[in-house]
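S.K.: Handing you this structure, nothing more for now.
The values are calculated or read from the model by the stated rules, or taken from the named source; none is laboratory data. Since we're looking at a predicted model, the values are computed, not measured. Every residue, glycine as well, gets a Cβ built from its backbone with ideal geometry; the counts of neighbours run over all protein chains shown. What goes into the accessible areas is simple: the full protein's heavy atoms, side chains included, and nothing from ligands, DNA or RNA. Shrake-Rupley method; radii C 1.70, N 1.55, O 1.52, S 1.80 Å.
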Amino acid sequence: MSASLAAGIPVAVTARAAPTAVAVGGIAAAIRAEAGGDLKHFYAARDFRPLWVRAGKTGPAAQTLLAYLESADLDGLKPSSYEPDRLREMIRDANRGDAQAQARAELALSKAFARYVGDMRRPERDRTIYADKSLKPKKPSALAVLRAAAFPKNFDAYLAGMDWMSEHYGRLRGLVARAEKQGASRETLARLHRNLDRTRILPGPWVHHIVVDASSGQLWYYGSGKRQGSMRVVVGAAKTQTPLLAGKLQWAILNPYWNVPTYLARDSIAQKILGGRSLASLHMEALSDWGPNPAKIDPATIDWHAVAAGKEEIRLRELPGAGNSMGRVKFLFPNKEGIYLHDTPDRALLAKPDRHFSNGCIRLENAGELGRWLMQRPLKAPSNKPEQAVPLPAEVPVYLTYITAVATERGVAFRDDIYGRDG
């Protein structure tokens, strides 16, 4: 993510200058004396070495932060609350070479940065369902913000790329800047900010995670500071929407069954049986109930007229195989909405520009590719046994979001709001 995209203005990024031992020693002593609370814990862990000051002067990251703070209205925040003018004066004083002034600027920059990050990550209207409560956003501590920022080797690039936020947030922030510059309507800006708000909860690229956008029908996965892959997906239709949902993937199920939704058993399968098909020809079987150990039922004993009329419900499942609606694998994360990611044999739908066809679950363009990334090895079933559950090496957060705003040559546009969430 470029700095101009994230901030709406150009920001230069240059390599860090190596600090001298004398300079580090002087400012380190001053930081030790001045720091308190979370800042003291953070700097103590790095022997009170500065993060923002290099070779006696503040580096490019300080100017990048100032640019963000001065344009914080793009984030829906008040620039004045971060006192950028005061920070600029402190930076000027620090650049004259006094260790005490450098320490004060260093700590002020860290404090302002931590506060800004915390404010950015707090959505105004969060309608996400958190299947895993640990993913529900909470304001990060200054210690957590600074530790995350100091981890990458290139701190300046981390600031310029706004890497504590998702690339989707950075893109939308840039669109807000563009729209404001072009004099967009209040309605357009309000809709942009609603899109931006939905991306506040998404992690930055240093967090191992997956994002699915139910507006564009796209999936991305991230880790080690970058996007590591993407693919097209089929998502829920307007009547069976993919929800705003966050959880943690835990299992790969190889050679899965497909449990037929009740309405499809009524509206589709029962009609086919009454028309002369058999469950065997559909590669399906009927079961006694929805429990973990159901008994198989003879299809001849089922009143298919009653099922078709909605007077009786029946559990049907499709057997594993090449034509199974789940494909060769599905990836599960615990959630009450019954949503998961899965392979699909229906490749034609993936080629369509509008991919809103599913019952809410996410059909993957390349389940094998995602499986290799999740498992850290090729994903292959050892046998043809149905429903082989394989735990992932680590739980992986997955965020299902909805982003309609797109850039065009003329400025900003929106995809059709199929789910009606932009109002």
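S.K.: On a straight-distance basis, which lysines could pair with residue 296 in a cross-link, Cα separation under 19 angstrom, same-chain partners fewer than 8 positions away excluded?
M.R.: Residue 296 reaches 385.
S.K.: With Kirkwood's inverse mean 1/r over C-alpha pairs for Rh, give me the Rg to Rh ratio of region 326-423, two decimals please.
M.R.: 1.03
S.K.: Over all alpha-carbon pairs of region 225-274, lay out the pair-distance distribution in 5 Å bins, whole %, shortest bin first.
M.R.: The calculated distribution, bin by bin, is 4, 11, 10, 21, 23, 15, 8, 5, 2, 1, 0, 0.
S.K.: Follow-up. Express the accessible area of the chain per residue in Å², computed with a 1.4 Å probe while the remaining protein chains stay in the model.
M.R.: Solvent-accessible surface per residue comes out at 47 Å².
S.K.: On a 0 to 90 degree scale, rounded to 10, what angle separates helix 84-94 from the longest Cα axis of the chain?
M.R.: Helix 84-94 sits at roughly 50 degrees to that axis.
S.K.: A further question on this structure: Would you mind checking which residues have amide H under 5 Å from residue 214's amide H? H placed 1.01 Å from N; only 5 or more apart, or other chain.
M.R.: 401, 402, 403
S.K.: Can you list residues from other chains, or at least 5 along the same chain, whose modelled amide H is less than 5 Å from the amide H of residue 229?
M.R.: Those qualifying (amide H under 5 Å, at least 5 residues apart or on another chain) are 221.
S.K.: Tell me what the chain gives for mean residue ellipticity at 222 nm when only DSSP H runs of n ≥ 4 count, each as -39,500 (n - 2.57), the sum divided by the residue total, rounded to 500 deg cm²/dmol. Intermediate results must be reported in sequence, preceding the final value.
M.R.: Working: 13 runs with 133 residues, N = 423.
After summing the helix terms and dividing by residue count, I get -9500 deg cm²/dmol.
S.K.: Could you work out the percent of alpha carbon pairs in region 256-393 separated by over 26 Å, rounded to a whole number?
M.R.: 30 percent
S.K.: Could you give the length gained by full extension between residue 351 and residue 280, i.e. 0.36 nm per residue of separation minus their alpha carbon distance, to one decimal place?
M.R.: Extra length available between residue 351 and residue 280 comes to 22.5 nm.
S.K.: For region 141-181, evaluate the Debye formula with one uniform point scatterer on each Cα (no solvent term) and list log10 I(q)/I(0) at q = 0.17, 0.21, 0.29 Å⁻¹, rounded to two decimals.
M.R.: Values returned for q = 0.17, 0.21, 0.29 Å⁻¹ are -0.54, -0.71, -0.95.
S.K.: State which stretch of the chain is the longest one without any exposed GluC sites (Glu not before Pro), exposure meaning a DSSP loop state and at most 13 other Cβ atoms within 10 Å.
M.R.: Here the longest run is 125-312.
S.K.: Counting pairs of alpha carbon atoms under 8 Å apart in space and at least six apart in sequence, what relative contact order in percent does region 301-386 give? It would help to have the intermediate numbers written out before the result.
M.R.: Values: 78 pairs, mean separation 15.9, N = 86.
After rounding, I find 18 percent.
S.K.: Got a number for carbon plus sulfur as a percent of the chain's accessible area, 1.4 Å probe?
M.R.: 51 percent
S.K.: So, one more: Have a look at 266, 277, 191 and tell me which one the Gaussian network model of the chain (Cα, springs below 10 Å) gives the largest fluctuation.
M.R.: 277
S.K.: How large is the convex hull of the Cα atoms of region 178-279 per residue, expressed in Å³ as a whole number? Can you show the working numbers first?
M.R.: On the way: hull volume 18.6 nm³, N = 102.
Output value, Cα hull per residue: 183 Å³.
S.K.: Which pairs, out of 248/311; 136/226; 78/181; 57/136; 111/138, put more than 27 Å between their alpha-carbon atoms? All intermediate terms of the calculation are to be shown ahead of the outcome.
M.R.: On the way: 248/311 37 Å; 136/226 23 Å; 78/181 18 Å; 57/136 39 Å; 111/138 18 Å.
Flagged as over cut-off: 248/311; 57/136.
S.K.: Just the Kirkwood number for region 11-168, please: inverse of mean 1/r across all distinct Cα pairs, in Å, one decimal.
M.R.: 16.3 Å
S.K.: Where does each of 410, 355, 415 land when they are ordered by accessible area, with a 1.4 Å probe and the largest first?
M.R.: 410, 415, 355
S.K.: Largest first and to the nearest Å, give the Cα extent of the chain along each principal axis.
M.R.: 90, 49, 31
S.K.: Follow-up question, since we're still on this one. Just flag the trypsin sites (Lys or Arg not before Pro) in region 302-352 sitting in loop per DSSP whose Cβ has no more than 14 other Cβ atoms within 10 Å.
M.R.: 311, 336, 347
S.K.: For residue 352, give me every one of the lysines with a C-alpha distance below 21 angstrom, ignoring sequence neighbours fewer than eight places off in its own chain.
M.R.: Candidates past the 8-residue exclusion: 239.
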